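The values are calculated or read from the model by the stated rules, or taken from the named source; none is laboratory data. As the structure is a prediction and not an experimental result, all values here were calculated from the model. For neighbour counting, all protein chains shown are included, and Cβ atoms are generated from backbone atoms with ideal geometry for every residue, glycine included.
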Amino acid sequence: MLGLSRNDFLLLLFVLVLVAAAPIFLNPFPEGSEFAQFNAGYPDLMQRFVIFGIFAIGFNILFGLTGYLSFGHAAFLGAGSYAGVWMLKLLTINVIPAIVVSTIVAGIFSVIIGYISLRRSGIYFSILTLAFAQMSFALAASVLTPITGGETGLQTALHDPRILDGASDGAGNIPAPSLFGLEMKQSWQVNVGDWLWTFNVGYYLSAFVLLIAFYIAIRIFRSPFGMMLKAVKSNNQRLSYTGISPRPYTLAAFVISGMYAGLAGGLMVAMDPLAGAERMQWTASGEVVLMTILGGVGTLVGPVLGAGLIKYFENIFSKINDNLLHQWFAFMPDGIEDFMVTIIHPFVGKGWHLTLGLMFMLVVVFLPGGLVGGLSGLYRRVFQRRSKAQ
Amino acid sequence: MSSNKKPLHTPLTRRSMLKASAATAAIGSAPIIFSSKAYAYANEPKGSDVVLGFNVPQTGAYADEGADELRAYELAVEHLNGGGDGGMMSTFSSKALKGNGILGRKVGYVTGDTQTKPDAARASAKSMIEKDGAIMITGGSSSGVAVAVQGLCQEVGVIFMAGLTHSNDTTGKDKKANGFRHFFNSYMSGAALAPILGENYGTDRRAYHLTADYNWGYTTEEAVRTSTEAMGWETVAAVKTPLTQTDFSSYVAPVQASGADVLVLNHYGANMVNSLTSAVQFGLRNAQANGKNFEIVVPLYSRLMAKGAGENVKGIFGSTNWHWSLQDEGSQAFVKSFGEKYGFPPSQAAHTCYVQTLLYADACERAGTHNPCGVAEALEGFEFDGLGNGKTLYRAEDHQCFKDVLVVKGKENPTSEFDLLEIVEVTPASKVTYDAKIFGGELGTCNAG
Amino acid sequence: MELSAFLLQVLNGLDKGSAYALIALGLTLIFGTLGVVNFAHGALFMIGAFCAVTLQKILTHSFITLDETKTDFLGKPLKVKTPYVEEWFGQVAGQAIIDWAVPLAILFAIPVMLLIGFAMERGLIKHFYKRPHADQILVTFGLAIVLQEIIKAYFGANQIPVPAPEAFIGSLDFGTLIGFDPGVIIYPYWRVVYFIFAMIIIAAVFAFLQFTTFGMVVRAGMADRETVGLLGIDIDKRFTIMFGIAAAVAGLAGVMYTPINPPNYHMGMDFLVISFVVVVVGGMGSLGGAVLAGFILGILESFASMREVIEFIPGINQVVIYLAAIVILLARPRGLLGRKGVMES
């Protein structure tokens, strides 16, 4: 179906159900309950899950298939973001042009950087991409301030021209990004029993784009082009002996993944019209590398899971403070309560980085191949042992 | 419209949560679809509590500053709810606050980590607004973060009370109707510093500027240049340094041979600590140039930076928003209640955050509502006293506070690890007031969500 | 542009370059030769710096007496801290010991860093030699975060001043030595010390690998691990020792760096990227390349920060290192002195 094998179609269906029902199952704890702080079903975080999911899926097309590790992919996300905000400022507050133009601008940007960087392979390639991205970051934060807004970032403003839907006169409020009048920040809330679910326009737009992106990624993975990319990874040299130059293929993969990054950047500003330079810093490039590895390099769903996990830690664990800890352990006797709070305190709130670092180490030690690789390996081992026993 | 939710799970005292769950159980199990029209404004509190969002850096280079801000917020919440000794509530000129929360609602709070990155700060603020129903967001320790979060609060319709942000842009080019700043800015630093520099170093000096290459650096350099050049100083050179620079030796090395006799370091945080350390290593503090003693100036000081730079700050002039050694009643009350709770005196970041929380609560009381538009109206043009900076005005045109500015100097003989700066001059507000139009930008109209 | 300004930046570049070279040296040993992508290298540098902080803390560990004549910020009697070392050795000797905390920290840091290096290799890295680079990145990045957070939990996020000994405060008037006017080319004593120290460490590591049997075996092991193993040589043990040495080199670089910039828990991350760039530009598997690249990039960075240059090309000081890296890597496929086949796929 849709040109997919049965398994792939089921996978796509699985992802479809996952993103469609996310507002419900990401809020497993009743509103007002002790553990409501662990609920992730609010619009901003759900949007981040799918947008970084798109970013990581795209990154995986390059890294997972060809083995080329780019350490500068955040530059494309950033370039896309800036292009998107400029569209919202100059053209229209409708998000479609912003998203399309971000993807195209990132694509052009990645053709240039990819063409140069792909002249080298291995670590030399990684450092070339890193250097380009760091240059973009440094310039965006300083001398390019008139275009990028510098350190304070690029935002929409009251007096923006917006030639398609008319400039405002400076009074009133800045219009919010919308899809033909449907504002991205609009939400419907449903109360079922003690549970509260929020269905947000922006989230469902992003989720729709994620599904398309995921579908395209499956098609690429299964296509002859994808096979060629895998051949680049497994044996570059033998490939060139057969008279095929791998360069056009790797460049195509590079540009596709750059466009995915631009798409993610465009969606990001469509949800929240702000673009900042630190989106291009090496830490941001490193983050998508970590997301992909954490989820499982070369797997289809892995990068999405990795992205979700990292964003979950960043947004949920950083908000847990001592006050909340005391609340959770309030049912215990005072001495034990304080003891529990003291033990957990270093891992939450300002210590959320520590938890993240430990999780990286635990995953890589106990689940080689990332979440997907490790879990399926585990599953296989258990399954095989059982079949042997029979 | 953004989410409108009852903040039922606001962290309050221990065990309060049991009560909260009992209350929710009463709600029926039939799906209820909320329409935004049911609420007068974003996150209108319906229960017996109100949630404030404290968004401070908890990781990264400013984490200690963020931790101090958080302490101040917790103290302010305690005082608003009637706990502790009441701190500056007793010295505050407005007597609207009664120690029973805000408008009779108990004050709860949520915290988040800005990571000193605009993106992360917005994500954290959004989560407070969408998930926890925060009605006011406050905090931050850089202008990039403040401008980004202020923009967000304007979009979704909650009040933003800026923490430590010193760039002119926050209430200049990027000002917003829902955003308010108590902290001073680059312009005021320049205007307050220049006369003191003139008095101490003379009016025929040649200055060399090292400027952090980003928005705050530009506005600070411009402010200091304009006000020092007006009194006769000459600017020999202004060199931009990358924000990510760690070793400033190659920028500091040519200074002495440049013919300058003053070095102005338009740097903040780690940039300032490192560039000052380099400057002192190169012997600039003891050098002679043009027949005068060579001098170093740091436009914006903070105690944590002074601590990081150690011995190097001795005798170096700068400006600050507030200092714990001030002798007025308000400052003393604040230092006492902060010091007794945490064991050390508060920083200027802590002070501004505490004051902002009190000012917000007071404005709610005076307006009789949490509606951001009502609160904004109550804050605009509000004149007050007793919060540590003398008589202060929240100017209506740009939502900037106008108050006295402190010119300070690194102390030669500190008596303790906190006693690093001494106040040289309290520049009156009238000397640092400027026309609201000079920085451009538009407030727009207030947004209630 | 005056000659003196030019010479000053050459001097500056040598100093900066020596710092880059020294930091990159430890990374080359692990990354360029053992083939482990070690994102925790910056953290080792940072821990070295905190060895100096810790020793300073230990030496200034104080007892408290109350001074009734003065008051603190709350109006209570002022607490006066007196370090125990001053009590034990007398004020003058005690202060001298505290003053020399950084040089003393070298002695303290060597065993500590060797131990950390051994523990890291035995406990973690050993299991990752054969794993994909992706896994190495994740595990070492995780480790770096954990190490940082531990330091942050104890020492806070603020920078901590660790001054150089009194004797090294001030500047050497280098210009007068070569016939310039006084005050034109000056250079701080401590940075001169850092330069010399870096040269000694670099020379020692080279000599160790080049002229000892141990070094020979390690070099052979790097070229062909299996064959060396077949010869009955315990190459694993030697790799562990190499890792310890690399950690010690990184740590010493950190100890000596503290007077130049007050350390904080994040300093390692700030240096991580630049040290990777230096190692790769130098060429994978080449110690000499890393040192050479360190100096080239240091000198270029110094020149790019000159006022005349920035005015000519705005923003060049922001990007010069990366621009140079791109040009070098495009001109020379394996960096300056890289070996074929190391980390190319």
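Being among the charged types (D, E, K, R) and within 14 Å of chain B (Cβ to nearest Cβ) is the filter; apply it to the range A:1-46 and report the residue that is surrounded by the fewest Cβ atoms within 10 Å (Cβ to Cβ). Write out each step before concluding.
Step one: list which residues in the range A:1-46 are among the charged types (D, E, K, R), which gives A:6, A:8, A:31, A:34, A:44.
Of the ones still in play, those that are also within 14 Å of chain B (Cβ to nearest Cβ) are A:31, A:34, A:44.
Values: A:Glu31: 22, A:Glu34: 19, A:Asp44: 28.
The extreme case among them is A:Glu34.
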Exercise. Determine whether the range A:182-191 contains at least one residue that is within 15 Å of A:Ala22 (Cβ to Cβ), among the β-branched types (Val, Ile, Thr) and either surrounded by 22 or more Cβ atoms within 10 Å (Cβ to Cβ) or within 10 Å of chain B (Cβ to nearest Cβ) (or both).
Key: yes
Quiz item: Among the numbered criteria (1) free of Cβ contacts under 8 Å to residues at least 40 places away in the same chain; (2) buried (at least 17 other Cβ atoms within 10 Å of the Cβ), which single criterion is violated by C:Thr140?
Solution: (1)
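Limited to the range B:40-73, what total is found for residues that are more than 14 Å from chain C (Cβ to nearest Cβ) and either in contact with a strand residue (DSSP E or B) (Cβ under 8 Å, 6 or more places away or on another chain) or touching a residue at least 60 places away in the same chain (Cβ under 8 Å) (or both)?
If we filter the range B:40-73 for residues that are more than 14 Å from chain C (Cβ to nearest Cβ), which is where we start, we get B:40-55, B:72-73.
Pick out the ones that are also either in contact with a strand residue (DSSP E or B) (Cβ under 8 Å, 6 or more places away or on another chain) or touching a residue at least 60 places away in the same chain (Cβ under 8 Å) (or both) and you get B:40-45, B:47-55, B:72-73.
Residues flagged as more than 14 Å from chain C (Cβ to nearest Cβ) and either in contact with a strand residue (DSSP E or B) (Cβ under 8 Å, 6 or more places away or on another chain) or touching a residue at least 60 places away in the same chain (Cβ under 8 Å) (or both) within the range B:40-73 amount to 17.
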Exercise. For residues that are polar (S, T, N, Q) and at pLDDT below 85, scanning just the range A:366-390, find the one that is surrounded by the most Cβ atoms within 10 Å (Cβ to Cβ).
Key: A:Gln384
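Does at least one position in the range A:112-122 carry a residue that is in a strand (DSSP E or B), β-branched (Val, Ile, Thr) and over 22 Å from B:Gly444 (Cβ atoms)?
Initial filter on the range A:112-122 (in a strand (DSSP E or B)): none.
For the range A:112-122, residues in a strand (DSSP E or B), β-branched (Val, Ile, Thr) and over 22 Å from B:Gly444 (Cβ atoms): absent.
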Quiz item: Between residues in the range A:71-98 that are without any contact (Cβ under 8 Å) to a residue 24 or more places away in the chain and residues that are of a type in the set (Gly, Ala, Ser) and part of a helix (DSSP H, G or I), which pairs lie under 8 Å by C-beta distance while being six or more apart or on different chains?
Solution: A:Met87/A:Ala98; A:Met87/A:Ser102
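Could you identify the single residue in B:Val426, B:Val432 that is outside the structural domain of B:Asn100 (by TED's automatic domain parsing) and within 19 Å of B:Thr171 (Cα to Cα)?
Numbers: B:Val426 fails: within 19 Å of B:Thr171 (Cα to Cα).
Selected residue: B:Val432, the only one of B:Val426, B:Val432 that is outside the structural domain of B:Asn100 (by TED's automatic domain parsing) and within 19 Å of B:Thr171 (Cα to Cα).
Restricting to the range C:36-70, what's the tally of residues that are closer than 30 Å to B:Phe334 by Cβ and out of contact with any strand residue (DSSP E or B) (no Cβ under 6 Å at 6 or more places or on another chain)? Before the answer, list the steps.
Within the range C:36-70, the subset closer than 30 Å to B:Phe334 by Cβ is C:62, C:64-70.
This time we only want the ones that are out of contact with any strand residue (DSSP E or B) (no Cβ under 6 Å at 6 or more places or on another chain), so: C:69.
So the answer is 1.
Yes or no, residue by residue, for (1) assigned to a helix (DSSP H, G or I); (2) farther than 21 Å from C:Gly35 by Cα; (3) among the aromatic types (Phe, Trp, Tyr); (4) at pLDDT 90 or above:
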residue	(1), (2), (3), (4)
C:Ala293	yes, no, no, yes
C:Leu297	yes, yes, no, yes
C:Val320	yes, yes, no, yes
C:Ser345	no, no, no, no
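When you scan the range C:104-116, do you find a residue that is within 11 Å of another protein chain (Cβ to nearest Cβ), part of a helix (DSSP H, G or I) and at pLDDT 90 or above, even just one? Talk me through it step by step, then tell me what you get.
In the first step, residues of the range C:104-116 are kept if they are within 11 Å of another protein chain (Cβ to nearest Cβ); the result is none.
Scanning the range C:104-116 turns up no residue that is within 11 Å of another protein chain (Cβ to nearest Cβ), part of a helix (DSSP H, G or I) and at pLDDT 90 or above.
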Quiz item: Considering the range A:314-347 alone, what residues qualify as being buried (at least 16 other Cβ atoms within 10 Å of the Cβ) and of a type in the set (Phe, Trp, Tyr)?
Solution: A:Phe317, A:Trp328, A:Phe329, A:Phe347
Quiz prompt | Sole exception among (1) at pLDDT below 95; (2) closer than 24 Å to B:Tyr394 by Cα for B:Phe248, by number | solution = (2)
Practice problem: Evaluate the following for A:Arg238: is it among the charged types (D, E, K, R), over 27 Å from the mean Cα position of the chain (by Cα), in a helix (DSSP H, G or I) and farther than 28 Å from A:Leu18 by Cα? | Solution: yes
Exercise. Can you give me the ranges of the strands (runs of 3 or more DSSP E) entirely in the range B:123-231 with at least 3 residues that are at pLDDT below 95, under 20 Å from B:Lys431 (Cα atoms) and β-branched (Val, Ile, Thr)?
Key: none
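Is one or more of the residues making up the range C:123-143 within 26 Å of B:Gly308 (Cα to Cα) and touching a Phe, Trp or Tyr at 6+ places or on another chain (Cβ under 7 Å)?
Among the residues of the range C:123-143, not one is within 26 Å of B:Gly308 (Cα to Cα) and touching a Phe, Trp or Tyr at 6+ places or on another chain (Cβ under 7 Å), which makes the answer no.
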Self-check item: Members of the range C:274-289 found to be within 17 Å of C:Ala223 (Cα to Cα), of a type in the set (A, V, I, L, M) and assigned to a helix (DSSP H, G or I), listed by number
Solution: C:Leu287
Exercise. Might you let me know whether the range B:105-112 holds any residue that is without any contact (Cβ under 8 Å) to a residue 60 or more places away in the chain and crowded, with 24+ Cβ neighbours inside 10 Å?
Key: yes
Quiz item: Quick check: is even one residue across the range B:171-191 within 14 Å of chain A (Cβ to nearest Cβ), buried (at least 24 other Cβ atoms within 10 Å of the Cβ), touching an Asp or Glu at 6+ places or on another chain (Cβ under 8 Å) and among the basic types (Lys, Arg)?
Solution: yes
Exercise. Collect the residues in the range C:253-272 that are assigned to a helix (DSSP H, G or I) and surrounded by fewer than 24 Cβ atoms within 10 Å (Cβ to Cβ), keeping them in residue-number order.
Key: C:Met269, C:Asp270
Quiz item: Just for the range A:138-181: of the residues that are away from chain C (no Cβ under 14 Å), among the polar types (S, T, N, Q) and not in a loop (DSSP other than H, G, I, E, B), which one is farthest from B:Gly449 (Cα to Cα)?
Solution: A:Thr152
Quiz item: If you go through the range B:428-438 one residue at a time, do you hit one that is within 24 Å of B:Ala333 (Cα to Cα) and out of contact with any Phe, Trp or Tyr (no Cβ under 8 Å at 6 or more places or on another chain)?
Solution: yes
Exercise. Out of A:Ser102, A:Ser81, A:Ser117, report the one residue that is small (Gly, Ala, Ser) and touching a strand residue (DSSP E or B) at 6+ places or on another chain (Cβ under 7 Å).
Key: A:Ser81
Quiz item: Hey, any hits in the range A:294-306 for a residue that's hydrophobic (A, V, I, L, M, F, W, C), more than 10 Å from chain C (Cβ to nearest Cβ), farther than 24 Å from C:Phe128 by Cα and buried (at least 24 other Cβ atoms within 10 Å of the Cβ)?
Solution: yes
Exercise. Return yes or no: is C:Leu292 more than 9 Å from every other protein chain (Cβ to nearest Cβ), closer than 21 Å to C:Ile30 by Cα and surrounded by fewer than 21 Cβ atoms within 10 Å (Cβ to Cβ)?
Key: yes
Self-check item: Selection within the range B:81-101 - touching a strand residue (DSSP E or B) at 6+ places or on another chain (Cβ under 9 Å) and under 15 Å from B:Lys341 (Cβ atoms)
Solution: B:Asn81
Quiz prompt | Members of the range B:255-290 that are within 7 Å of another protein chain (Cβ to nearest Cβ), surrounded by 23 or more Cβ atoms within 10 Å (Cβ to Cβ) and farther than 20 Å from B:Ala309 by Cα | solution = B:Gln256
Quiz item: Applying the selection to the range C:46-76, what residues are in contact (Cβ under 8 Å) with a residue 24 or more places away in the chain, of a type in the set (A, V, I, L, M, F, W, C) and within 14 Å of chain B (Cβ to nearest Cβ)?
Solution: C:Met46, C:Ala49, C:Ala52, C:Val53
